[in-house]
Every structure is written in C-alpha cells, then in structure tokens.
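Some notes on the structure that comes next.
The values are calculated or read from the model by the stated rules, or taken from the named source; none is laboratory data. Small disclaimer: the values here were computed from a predicted structure and weren't measured. Positions of Cβ are backbone-derived with ideal geometry, glycine not excepted, and every protein chain shown enters the neighbour counts. The area values use the complete protein model at the heavy-atom level, side chains included, leaving out ligands, DNA and RNA. Shrake-Rupley method; radii C 1.70, N 1.55, O 1.52, S 1.80 Å.
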Amino acid sequence: MKKKVLLMGKSGSGKTSMRSIIFANYIARDTRRLGATIDVEHSHVRFLGNLVLNLWDCGGQDTFMENYFTSQRDNIFRNVEVLIYVFDVESRELEKDMHYYQSCLEAILQNSPDAKVFCLVHKMDLVQEDQRDLIFKEREEDLKRLSRPLACTCFRTSIWDETLYKAWSSIVYQLIPNVQQLETNLRNFAQIIEADEVLLFERATFLVISHYQCKEQRDAHRFEKISNIIKQFKLSCSKLAASFQNPSIPSAATLINIRNARKHFEKLERVDGPKHSLHMRMR
C-alpha cells in the first residue's frame, strides 16, 4: 500500500535536513553539509511491512515553486495523502511563504481534496525560549485560518531536540491503516505481561507508532528521548563498523530471566482466539 507524501516549503526552511534525520539516520550536526534540493527528490520508505511512504521532497527555490503550480500542477498534487509544509520560523519572507502555502492548498483542493495537511513551524531553537509558546500560537492561528476549508495540524519543530520525532510520529500514525488493531494488541500484551508501559517503534526510523500505559508517566518527552538514544547508539555502532544487534546476555542471567518470565508466557498460552494475538512485525 503506497501513500504519497508531499514535503514542501521555501528553500532553506529545513525540509531536506529533517528528512535526512528521520529517514536516512543523519544526526543534526551532519545536516550542515547537505545542499539544496533540486526540483523533486523521490524516496520510498517502508513501514510495518506493507505501508510504503512515497515521499516527494520538493525543492523550494522560486523557479521550482512556480513550476509546481503551473506546468507540473497535476503531476505534483494528484493522489496526495499528506501535505507537509515547512515554515522557517525566522523567515524574512513570511508573506511569500504564506502565498506559496495558499497556492499549495488550492492545488490540493483541486487534485486531492481528502489529503491531510500538516504545517511544521521549524527551527524553533532559534527563538528565545520564553517567546516560543507565544510565537508558535500566533503562527498556528494564522495557518489554521488560512487553511480553511481544509483542516491543518501544526507542530513546532527543531532538529536539535525531540520535537521533530514527535511531529513525524504523529504524522505517520495517521497513515497506518490498521492502527486500531495494533493498539488493541498492544493493550492486551501489556496487560498479560503486567507492564507499566509498552511502546511500539518502527524498526528503521525508530518513530513511535503506538503505545499503551497502565501507569501515568511524568516525562512527556520520554518516547522521543528513547528513540533518539537508540538511534544514536545505532549510528555509533555503524561508525565503529560494528553491527547493530542484541547484546549478548550471560547464561546465568538468561536462566533467571526465563524463570521470572515463565508465568507471563503461561498466561500468553492460555489466551484464545485471533483477536487476542499480537502481530507486531516491523520492517
């Protein structure tokens, strides 16, 4: 199942950097060497076995943007499932940014009226911390008003913290066709093993797909922090030419873990019916 995702925004807004961090295992400081996108770059990302994101990273230079709305209009905006428009929060050409965004919305309404629209107010790390809430709220109100009659979901993002992972996890979550079944299975699994919380990460990107918690957790950013730690560890292993695989566990510790976990596996064996089975194969 393929789903077309448009990633758009003015040149220099940070589109390619965020795409490289999420889908190509870049770390933030390495994105400085990335060049501007020329025209449209296509990539295919497989999620959870049968979901494929057909990602169109559209260069944001003025010449390319004008072509998207004229000669390439049908090709670019036809059969779109999701439009992600990236705004540089410190752009000095906000009026032009809004004009291009409005042109995108008109093309979406004409060619893909059922598409979901997301706006990322990006590079929020450049804004003084005590001003971030106010600036984002103002920008969000403007974008939602401008987006009507389409619904628009806004996120504040930065490549230097967990907000980027949170935004993309939320976007991908809305593209998964069987997400309700996943959540049901996750809840059953958590209750059987008596876990405080269970997370489901996508294998390649480490985006959080779903979770179930039995106890309230205090850290609202824990998912993104865990995701980032795992990803950084994988990158460190790659740089050391080591394979990323499960660490070896001493045999004595293994036996203790098996003994402690036996009652949970016995509960699993007693669960009947396909509706209680847990299928979480990830690609």
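Before moving on, here are some points about what is shown:
- Where residue 26 falls short, out of the listed (1) open to solvent by 50 Å² or more (accessible area, probe 1.4 Å); (2) at pLDDT 85 or above; (3) under 20 Å from the mean Cα position of the chain (by Cα): (2)
- Restricting attention to region 151-187, the residues being open to solvent by 50 Å² or more (accessible area, probe 1.4 Å) and either touching a strand residue (DSSP E or B) at 6+ places or on another chain (Cβ under 6 Å) or not in a helix (DSSP H, G or I) (or both) number 10.
- Filter pass, residue 33 being more than 26 Å from residue 91 (Cα to Cα), surrounded by fewer than 16 Cβ atoms within 10 Å (Cβ to Cβ) and modelled with pLDDT under 80: no
- Tabulated pairs, region 181-193, first more than 23 Å from residue 260 (Cβ to Cβ) and among the basic types (Lys, Arg), second open to solvent by 50 Å² or more (accessible area, probe 1.4 Å) and part of a helix (DSSP H, G or I), C-beta under 7 angstrom, 6+ apart or interchain: none
- Single condition residue 195 does not satisfy, out of (1) open to solvent by 40 Å² or more (accessible area, probe 1.4 Å); (2) in a loop (DSSP other than H, G, I, E, B); (3) farther than 30 Å from residue 79 by Cβ; (4) at pLDDT below 85: (1)
- Only one of the numbered conditions (1) more than 22 Å from residue 162 (Cβ to Cβ); (2) open to solvent by 50 Å² or more (accessible area, probe 1.4 Å); (3) at pLDDT 70 or above; (4) among the small types (Gly, Ala, Ser) is not met by residue 220, and that is (1).
- Scanning region 91-105 for residues that are within 21 Å of residue 73 (Cβ to Cβ) and free of Cβ contacts under 8 Å to residues at least 24 places away in the same chain gives a single hit, 99.
- No other residue among 103, 147 is under 16 Å from residue 10 (Cβ atoms) and among the small types (Gly, Ala, Ser) apart from 103.
- Index of the failed condition, residue 22 passing every other in (1) more than 30 Å from residue 201 (Cβ to Cβ); (2) in a helix (DSSP H, G or I); (3) touching a residue at least 40 places away in the same chain (Cβ under 8 Å): (1)
- Test result for residue 136, in contact with a Lys or Arg (Cβ under 6 Å, 6 or more places away or on another chain), part of a helix (DSSP H, G or I) and either farther than 17 Å from residue 7 by Cα or aromatic (Phe, Trp, Tyr) (or both): yes
- Scope region 107-161; condition more than 27 Å from residue 80 (Cα to Cα) and without any contact (Cβ under 8 Å) to a residue 12 or more places away in the chain; matching residues: 128, 129, 130, 131, 133, 134, 137, 138
- Selection status of residue 190, assigned to a helix (DSSP H, G or I), in contact with a Cys (Cβ under 7 Å, 6 or more places away or on another chain) and among the aliphatic types (A, V, I, L, M): yes
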